[in-house]
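Asker: Sharing a structure here in structure tokens format.
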Amino acid sequence: MLELFHFQLDEEENNPSWKAIGYSGPDQEFKAKQKNKILHKTSKEGRKEDDEDDEEVFLGPLYKGLVHLNYPRDVISDSLRRFGFPVSVTPPTNKASTISSPSLVIQCDAVVVGSGSGGGVVAGVLAKSGYKVLVLEKGNYFARKNLSLLEGPSLDQMYLSHGLIATDDMSVLVLAGSTVGGGSAINWSASIKTPNHVCKEWCDRHELELFESKLYKEAMDAVCEKMGVQSDFEEEGFNNAVLRKGCHEMGYPVNNIPRNAPPDHYCGWCFMGCKDGKKKGTLETWLVDLVKSGNGAILPGCEAIQILHGEKKGRDGKIAKGVAFEIDYKGKKEICVVESKVTIVACGALSTPPLLKRSG
């Protein structure tokens, strides 16, 4: 209940407890800059000299690759066709759409469920390699100007189940991203390579030889380079400074945690989205590659409900043939289907197992 009280805001977006605990609230300097940019943008409305930096700040670096689903099916299908995806539309009827009779059927080379640290990377690499890639994301997209930098709204809008998932005994709160960029959009930017003893355990105990291979080490290096992972900083947070001082006085070794952000990145609001784009999550890196390639599109606000299967000649059992997902249009649920050559499920440790279980 104390946490809920801390989230409550008055009409001026303030909370009476903040002053008592010494909390400044959202970044006032950032808010002032955004307000000035909005006024500047309004004054330039209709003029061609608006530059791309303004567009990125206001619409985000991914805006050209988004297909919003809160429109009639004809509008959605036209948007997808402009991206080069074949789409067939079922004429509207009084009957509810089903997996066997969906509202839309979209075709692509690869469909990726999830846009975070797994899905976002795969989608970017495939699209840049020339494949037509569709990314399904349960959460919504928040450009820098749309970040509230407030705990309550951020948890509600950018976290799985509004940030209210807990263990059975309620002893641990489990936080997971549910927004374009997934966990990489709301994490604290710590970027630690898989420790050697963990790689060895996965290899020896679970016979996953990949994790002790040269290929896996090269992949980690490539990911860290793309994200700009480094350990230097110009300014340290108060709590970290106290912890560091205590460790030094106790004689404990202290190392800086590698981060996917530059040394001058210091904000304190990272878990509510990156207000300046310096934290290099997938929505600032691989998903940007996908959009710039012209080979992919991102569908925010849609939930994958089932992996579709089919038979393949010469192979026993079934293989994935695509994904059925659900959208909400004016309070009405509609089922759409993606038919793909390759299906990648990367919707996190909490959402991937239930989807696979629902899919048999």
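The values are calculated or read from the model by the stated rules, or taken from the named source; none is laboratory data. What you see is a predicted model; the values in this text were computed from it and never measured. Please note: Cβ atoms are built from the backbone with ideal geometry, for glycine as well, and neighbour counts cover all protein chains shown. Side chains included, ligands, DNA and RNA excluded: accessible areas come from the protein's heavy atoms. Shrake-Rupley method; radii C 1.70, N 1.55, O 1.52, S 1.80 Å.
Asker: Could you count how many residues in the stretch 233-264 are at pLDDT below 95, of a type in the set (Asp, Glu) and either open to solvent by 60 Å² or more (accessible area, probe 1.4 Å) or in contact with an Asp or Glu (Cβ under 6 Å, 6 or more places away or on another chain) (or both)?
Answerer: Residues flagged as at pLDDT below 95, of a type in the set (Asp, Glu) and either open to solvent by 60 Å² or more (accessible area, probe 1.4 Å) or in contact with an Asp or Glu (Cβ under 6 Å, 6 or more places away or on another chain) (or both) within the stretch 233-264 amount to 3.
Asker: Can you pull out the helices (runs of 4 or more DSSP H) entirely within the stretch 157-269 that have at least 3 residues that are in contact (Cβ under 8 Å) with a residue 60 or more places away in the chain? Don't jump to the end; show me each part of the working.
Answerer: Working: elements: 183-186, 196-206, 214-227, 238-250.
Output list reads 183-186.
Asker: Suppose we filter Lys128, Lys132, Lys138 for residues that are modelled with pLDDT of 95 or more, open to solvent by less than 50 Å² (accessible area, probe 1.4 Å) and of a type in the set (Lys, Arg); which single one remains?
Answerer: Sole residue among the options that is modelled with pLDDT of 95 or more, open to solvent by less than 50 Å² (accessible area, probe 1.4 Å) and of a type in the set (Lys, Arg): Lys132.
Asker: Restricting the search to the stretch 317-356, which residues are among the acidic types (Asp, Glu) and open to solvent by less than 40 Å² (accessible area, probe 1.4 Å)? Working first, answer last.
Answerer: Taking the stretch 317-356 and keeping what is among the acidic types (Asp, Glu), we get 326, 328, 334, 339.
Of everything in the stretch 317-356, just one residue is among the acidic types (Asp, Glu) and open to solvent by less than 40 Å² (accessible area, probe 1.4 Å), namely Glu334.
Asker: How many residues are open to solvent by 30 Å² or more (accessible area, probe 1.4 Å), within 12 Å of the chain's Cα centre (by Cα) and under 18 Å from Arg144 (Cβ atoms) when one looks only at the stretch 272-316?
Answerer: Residues meeting the conditions: 2.
Asker: Which numbered condition in (1) surrounded by 18 or more Cβ atoms within 10 Å (Cβ to Cβ); (2) part of a strand (DSSP E or B) is the only one that Ser88 fails?
Answerer: So the condition that Ser88 fails would be (1).
Asker: Okay, moving on. Residues Leu134, Leu104, Leu147: which one is closer than 19 Å to Asn295 by Cβ, of a type outside the set (D, E, K, R) and touching a strand residue (DSSP E or B) at 6+ places or on another chain (Cβ under 6 Å)? Break it down into steps so the answer makes sense when it comes.
Answerer: Numbers: Leu104 fails: closer than 19 Å to Asn295 by Cβ; Leu147 fails: closer than 19 Å to Asn295 by Cβ.
Only one candidate qualifies: Leu134.
Asker: Being closer than 18 Å to Lys132 by Cβ, touching a residue at least 12 places away in the same chain (Cβ under 8 Å), touching a strand residue (DSSP E or B) at 6+ places or on another chain (Cβ under 7 Å) and basic (Lys, Arg) narrows it down to one residue among Lys333, Lys321; which is it? First the steps, then the outcome.
Answerer: Values: Lys333 fails: closer than 18 Å to Lys132 by Cβ.
Criteria check complete, one pass: Lys321.
Asker: What are the residues in the stretch 166-213 that are of a type in the set (A, V, I, L, M), open to solvent by 20 Å² or more (accessible area, probe 1.4 Å) and under 18 Å from the mean Cα position of the chain (by Cα), if any?
Answerer: Residues satisfying the conditions are Val174, Leu175, Ala176, Ala190.
Asker: Looking only at the stretch 143-156, how many residues end up being in a helix (DSSP H, G or I) and surrounded by 22 or more Cβ atoms within 10 Å (Cβ to Cβ)?
Answerer: 1
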